[in-house]
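Here the structure comes first, spelled out in structure tokens, and everything after it is commentary.
The values are calculated or read from the model by the stated rules, or taken from the named source; none is laboratory data. This is a predicted model, so every value here is computed, not measured. As a convention, Cβ positions derive from the backbone with ideal geometry for all residues, glycine included, and neighbour counts pool all protein chains shown. Calculation scope for accessible area: heavy atoms of the full protein, side chains included, ligands and nucleic acids excluded. Shrake-Rupley method; radii C 1.70, N 1.55, O 1.52, S 1.80 Å.
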Amino acid sequence: MVSRDSGDLDLLNPARATDPADRTGFTSTGHLPARGTVSGLLRDAHATYATLDDGTVADYIPSLAAADPSRFGISVCGVDGTSFSIGDAQEAFSIQSISKAFTFALVCEAIGHTTVREAVGVNNTGLPFDSVMALELNGGSPRNPMVNAGALVMITLAPGDSAAAKWQFLQEGMSRFAGHRLLLDVDVYESEAATNHRNRALAALLRSYGHMSYDPLLTTDIYTRQCSLLVSAMDLAVMGATLADGGVNPLTHERVVHPSVCRDTLAVMATSGLYQRSGDWLYEVGLPGKSGVSGGIVTVAPGKGGMATYSPRLDPAGNSIRGQHAIRSLSRSLGLNVFASAPEPAPAPGTQTP
Ligand code: GLU
């Protein structure tokens, strides 16, 4: 068992030092199984689910329709920096909604646990990621940062007085999570910018409810850019491992966010990371995750590492089908479900417990 107490890190950010929710210690337990075991299980999961041809590639953003549905990659990165990959794990694709988890972390780091909760909320909407009805049913509150409306509000809260400064903050922060500079896929950006009428409508509606403190069109543009950043499954596994490692990138050893921010980010991923199928995911996998409509899923085993998959065939909610199967299988075979416990051995007869 590894136990790490980092209570004094609260002093790094004055916004957090006054927040009682951030004064607790942080404990990580366990580790990934041995190298050979992980790579063998990765190979098995890839071979088992590569033949699944259910689901369809997203096409509501025209350039996403060009994705090759046969692609399938899996990557795992431990908090000690060891990594394991199989298949198309280096194939680059646009991060899409997975960016929401990392924007949340970066903004939460900047403005604190309580402020983001009050501004956006942390409950699942139970409705699709681009739902207008969810906003109307909740008095204009986005409810959580993993849906488009919540992600748009998070961007308004990002540090920076101009759109360029906010974008720089987000692009640089996400690059620190990945351990190298993440670049924009210009085709995807232009394709989505030309067709994202619904997101512009969500931003305008948020403005009408008084929940959008920055220009709605500029905010939507920054959101479209963040969704168009190029990543691979290997990048996402490192980004997930950074959240698993109390906010320190296990490859660069750079502190990206505070441990309390990882805790908060993983909580919203657990409740809302797989759209309206988040409950099914948590029940089957028992780990926080976030998916995106280009076919990626990032999953975090706190204290142990990050796992990521890429396969563009999606279920009706927008989650990669092969990815969900592969991660469910790996969570079980690697023993990562955070809700699973084994009973404490009974005391030997005649011994007394203190
Ligand atoms: N950029 C996409 C949109 O706003 C992201 C959707 C997603 O991956 O959930 O529609």
### Exposure rank, largest accessible area first [Arg181, Arg200, Arg207; 1.4 Å]
Arg181, Arg207, Arg200
### Query
If you place +1 on the Cβ of every Lys and Arg, -1 on the Cβ of every Asp and Glu, and leave all else neutral, what size is the dipole of the chain about its Cα centre, to the nearest 20 Debye?
360 debye
### Summary
One can check that the equivalent ellipsoid of segment 307-354, built from the alpha-carbon gyration tensor with semi-axes equal to the square roots of five times its eigenvalues, has lengths in Å, largest first, of 41, 9, 7
### Sequence of Trp167, Trp281 from largest to smallest accessible area, 1.4 Å probe
Trp167, Trp281
### Task
Could you run the Karplus curve 6.51 cos²θ - 1.76 cosθ + 1.60 with θ = phi - 60° over segment 168-173 and give me ³J(HN,Hα) per residue in whole Hz, x for Gly and Pro?
4, 4, 6, 5, 5, x
### Query
For segment 183-306, what is the convex hull volume of its Cα atoms per residue in Å³?
134 Å³
#### Entry: Global geometry of the chain, whether rounded, prolate or oblate, following the gyration tensor of its Cα atoms and the 1.5 cut on a/c
oblate
### Query
Remind me, what semi-axes does segment 113-242 give for its equivalent ellipsoid, largest first in whole Å, using sqrt of 5 times each Cα gyration tensor eigenvalue?
24, 17, 15
### Task
Report in % the part of the accessible area of the chain that belongs to carbon and sulfur, leaving out ligands and nucleic acids; probe 1.4 Å.
55 percent
### Query
When the Cα centres of segment 129-177 and segment 72-89 are compared, how far apart do they sit, in Å?
29 Å
### Query
Given a 1.4 Å probe, how much area per residue of segment 202-284 is accessible, in Å²?
32 Å²
### Query
Can you put Ser83, Ser311, Ser28 in order of accessible area, largest first, using a 1.4 Å probe?
Ser83, Ser28, Ser311
